[in-house]
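These notes concern the structure reproduced below.
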Amino acid sequence: MGSRDLSLYIGPIEMGSQIEASEGTTGLVVRETTTAGVRYLDDAERSPDCIVTDHDPPERDCFELLDVVSPEVPVVLAPNGGNSSVATRGLRAGAATYLDPTTLDDGPAALAAAVDRLVAERPQQAHDS
């Protein structure tokens, strides 16, 4: 049985820190690049309950990430300055939800709430595996 983290955030460290503060937890793992996030996911001993990713982190974009993430792990697509075509493409590619934190009064709190909701909605067997 592997260890679980509350969530994995891929994007700028500052936003990751703000999401973690909004969640009131230290269970958020922050990786600045999609490549680093994928390496983290490749570790068989780790499996986050949720992933939050910017649209275009350095090295790879979120669509490449969605191709490698297990369908049981919900992904929040959170681009800075996204648009409806990014939202549509991301949701079709398997993202659980789309939030543009730059359009919200408190983007980090909205992302933290989305993570909390998605983790709570996951079937119990997904949490225990």
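Considering each residue of region 84-114, count those that are open to solvent by 40 Å² or more (accessible area, probe 1.4 Å), over 19 Å from residue 21 (Cα atoms), assigned to a helix (DSSP H, G or I) and at pLDDT 85 or above, and give that number. Here the count works out to 4.
In this structure, does residue 117 turn out to be part of a helix (DSSP H, G or I), in contact with a Phe, Trp or Tyr (Cβ under 9 Å, 6 or more places away or on another chain) and charged (D, E, K, R)? If you could, list the steps in order and put the result at the bottom.
Details: part of a helix (DSSP H, G or I): yes; in contact with a Phe, Trp or Tyr (Cβ under 9 Å, 6 or more places away or on another chain): no; charged (D, E, K, R): yes.
No, not satisfied.
Here is a check on your reading of the model: is residue 81 at pLDDT below 85, open to solvent by 40 Å² or more (accessible area, probe 1.4 Å), in contact with a helix residue (DSSP H, G or I) (Cβ under 7 Å, 6 or more places away or on another chain) and among the small types (Gly, Ala, Ser)? Yes. Scanning region 80-107 for residues that are over 15 Å from residue 51 (Cα atoms) and aliphatic (A, V, I, L, M) turns up 86, 87, 104.
The values are calculated or read from the model by the stated rules, or taken from the named source; none is laboratory data. Keep in mind it's a predicted model, so treat the numbers as computed, not measured. Neighbour counts are summed over all protein chains in view; Cβ atoms, including those assigned to glycine, are modelled from backbone coordinates with ideal geometry. These accessible areas exclude ligands, DNA and RNA; they are computed on the full protein's heavy atoms, side chains included. Shrake-Rupley method; radii C 1.70, N 1.55, O 1.52, S 1.80 Å.
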